[in-house]
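First the structure, in the form of structure tokens, and then the observations on it.
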Amino acid sequence: MDTNAILDELEILFPQAQCELVHRNPFELLVAVVLSAQATDASVNRVTPALFAKYPTPQAMAAASVDEISSYIKSIGLYRNKARSLKALSESLVSQFDGVVPSSRKELMSLAGVGRKTANVVRSVSFDIPSIAVDTHVERVSKRLGLAKPQDDVEKVEEKLRRKLDRNRWNRAHHLLIFFGRYQCTARNPKCEGCPFQTTLCKKAKLDQIAKSKKKK
């Protein structure tokens, strides 16, 4: 089964796959993705309505203090560091980009708290630029399905996915792989029953089967 055929199967499983971070514009998405590091999308969505109501623009957030921003995101992990990043990136958006979120990866990654994954999410979702963002779900699924090697770092995983997938499917692939990793091929206790890849591609299933065979001996 080639990589594009894998996406076909995932389309059947998760036709509703999409970005689950609630946002109305590129600035809100950028903020939400920064907040989502080591946090769930659900937890981010609980705090962003009040945060965005108070600071709807980069100018408004840049003018706020770190403590003021922190007060809105205290339930999010690493909230103090994230508040500093949000203030700093807002200041940079105002001073360097006239308050407009840029679409180039290089410019996005020049902002505080914005790494390659965050930049790729914003490029893909807000600007519809073909991109593959590799988060923990995408990395885990890619390795379990043999699309990348266990020792590959996230940039290597991204490189391999970009090479193996049709470019016009990169943006969709990002959401499909995330949904598969988030709701079926989970880190712990994956829902293997009914998985279309269990007996053909899944490296974890094969390793588990070998382990069971050894125990029987």
- Task: Take region 75-86 and flag every residue that is farther than 25 Å from Ser131 by Cβ and open to solvent by less than 20 Å² (accessible area, probe 1.4 Å).
- Result: Ala83
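To keep it simple, each residue is scored yes or no on (1) over 20 Å from Ala133 (Cα atoms); (2) in a loop (DSSP other than H, G, I, E, B); (3) open to solvent by 60 Å² or more (accessible area, probe 1.4 Å).
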{"residue": "Ile69", "(1), (2), (3)": "yes, no, no"}
{"residue": "Ile73", "(1), (2), (3)": "yes, yes, no"}
{"residue": "Ala88", "(1), (2), (3)": "yes, no, no"}
{"residue": "Leu108", "(1), (2), (3)": "no, no, no"}
- Task: Go through region 90-106 and give me each residue that's open to solvent by less than 30 Å² (accessible area, probe 1.4 Å) and hydroxyl-bearing (Ser, Thr, Tyr).
- Result: Ser90, Ser92
- Are any of the residues in region 21-37 open to solvent by 60 Å² or more (accessible area, probe 1.4 Å), in contact (Cβ under 8 Å) with a residue 60 or more places away in the chain, among the hydrophobic types (A, V, I, L, M, F, W, C) and not in a helix (DSSP H, G or I)? no
- What pairs come up if the first residue lies in region 184-204 and is surrounded by fewer than 18 Cβ atoms within 10 Å (Cβ to Cβ), the second is acidic (Asp, Glu), and their beta carbons are under 7 Å apart, counting only those six or more places apart or on different chains? Pro196/Glu9
- Message: Filter region 56-67 down to the residues that are assigned to a helix (DSSP H, G or I), over 17 Å from Leu29 (Cβ atoms) and of a type outside the set (A, V, I, L, M, F, W, C) and list them by number.
- Response: Gln59, Asp67
- On the given criteria, is Val125 in contact with a Gly (Cβ under 8 Å, 6 or more places away or on another chain) and either open to solvent by 40 Å² or more (accessible area, probe 1.4 Å) or not in a loop (DSSP other than H, G, I, E, B) (or both)? no
- Message: Under 6 Å between Cβ atoms, which residue pairs at least 6 apart in sequence (or on different chains) link something in region 119-145 that is farther than 11 Å from Trp170 by Cβ with a partner that is open to solvent by 40 Å² or more (accessible area, probe 1.4 Å) and assigned to a loop (DSSP other than H, G, I, E, B)?
- Response: Phe127/Ser103; Lys143/Pro150
- Does region 44-55 contain at least one residue that is out of contact with any Asp or Glu (no Cβ under 8 Å at 6 or more places or on another chain), under 18 Å from Pro26 (Cβ atoms) and assigned to a loop (DSSP other than H, G, I, E, B)? yes
- Is it the case that some residue within region 152-163 is open to solvent by 50 Å² or more (accessible area, probe 1.4 Å) and in a loop (DSSP other than H, G, I, E, B)? yes
- Query: Looking at (1) open to solvent by less than 40 Å² (accessible area, probe 1.4 Å); (2) in a loop (DSSP other than H, G, I, E, B); (3) free of Cβ contacts under 8 Å to residues at least 24 places away in the same chain, can you tell me which one Lys149 breaks?
  - Reply: (1)
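The values are calculated or read from the model by the stated rules, or taken from the named source; none is laboratory data. Computed from a prediction, not measured in an experiment: that's the story for all the values here. Please note: Cβ atoms are built from the backbone with ideal geometry, for glycine as well, and neighbour counts cover all protein chains shown. SASA here: full protein model, heavy atoms, side chains in, ligands and nucleic acids out. Shrake-Rupley method; radii C 1.70, N 1.55, O 1.52, S 1.80 Å.
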